[in-house]
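> This is the structure, below, for whatever I ask next.
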Amino acid sequence: MKIVKNDHNGKLVWEYPGKCIQKTPIALLFEARFNRHDLEFQEVLLKEGDLFLELYPFGKWFNIFEIHDKDSGNTKAWYCNVTRPIRVDGDILSYDDLALDLFAYPDGSYRILDQDEFSQLNIPNQERKKALNGLTQLEAIFSNQKRFMIENYLDFI
């Protein structure tokens, strides 16, 4: 399948291939590879070919990417986008990114990113509230004493 990331206006930002590895009544789970050159992001080295396990819950205002090192397989971090709920049309999964992100580390700490950009988005107040609720849900997931891992996402979503 193709995964399509749009901006808040629905304009294409990025697209890439992904393989759906699990479908449940509450979410789709995809496997994808980091297809950009090596990049240091939030003190984590993302390497071309790193494995991303991408969780797309139905009806939620976020997604969660669990990032694994391509060589060791170790979990490096979780990158979470605050988004409008996903859409699936044939072999295309798409979402509209709302700028706000949560980046979580294996030690249990996390950072909220792009709050200024989110505050500048021209979106309806009802959508803004839903997006902020999505962020609150992500914070609860990553503040839980039980460590979040994609393999146990049903315990959290």
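> Does segment 12-61 hold any residues that are β-branched (Val, Ile, Thr) and in contact (Cβ under 8 Å) with a residue 60 or more places away in the chain, and which are they?
Selection gives 13, 24, 26, 44.
> Give the residues of segment 33-69 that are at pLDDT below 95 and of a type in the set (A, V, I, L, M, F, W, C), sorted by residue number.
34, 39, 41, 44, 45, 46
> Here's something else I'd like to know. Keeping to segment 123-140, report how many residues are farther than 15 Å from residue 83 by Cβ and either in contact with a Pro (Cβ under 8 Å, 6 or more places away or on another chain) or touching a residue at least 12 places away in the same chain (Cβ under 8 Å) (or both).
The qualifying residues number 1.
> Can you name every residue in segment 82-120 that is basic (Lys, Arg) and within 19 Å of residue 4 (Cβ to Cβ)?
Listed by number, the residues that qualify are 84, 87.
> Taking segment 17-46 as the search range and keeping residues that are farther than 19 Å from residue 153 by Cβ and of a type in the set (Lys, Arg), which one is surrounded by the fewest Cβ atoms within 10 Å (Cβ to Cβ)?
The first filter runs over segment 17-46 and keeps only residues farther than 19 Å from residue 153 by Cβ, leaving 17, 33-46.
Keeping just the survivors that are of a type in the set (Lys, Arg) gives 33, 36.
Working: 33: 15, 36: 11.
Residue satisfying both the conditions and the ranking: 36.
> State whether the residues of segment 3-10 include one that is of a type outside the set (Val, Ile, Thr) and closer than 24 Å to residue 144 by Cβ.
The answer is no; no qualifying residue exists.
> Among 137, 126, which is in a helix (DSSP H, G or I), polar (S, T, N, Q) and surrounded by 16 or more Cβ atoms within 10 Å (Cβ to Cβ)?
The unique qualifying residue is 137.
> How about segment 47-121: which strands (runs of 3 or more DSSP E) wholly inside it have at least 3 residues that are surrounded by 21 or more Cβ atoms within 10 Å (Cβ to Cβ)?
Values: elements: 51-57, 62-68, 75-83, 87-89, 92-104, 110-113.
Qualifying strands (runs of 3 or more DSSP E): 51-57, 62-68, 75-83, 92-104.
The values are calculated or read from the model by the stated rules, or taken from the named source; none is laboratory data. For clarity, every value in this text was computed on a predicted model and none was experimentally measured. FYI the Cβ positions are ideal-geometry reconstructions off the backbone, even for glycines, and counts take in every protein chain you see.
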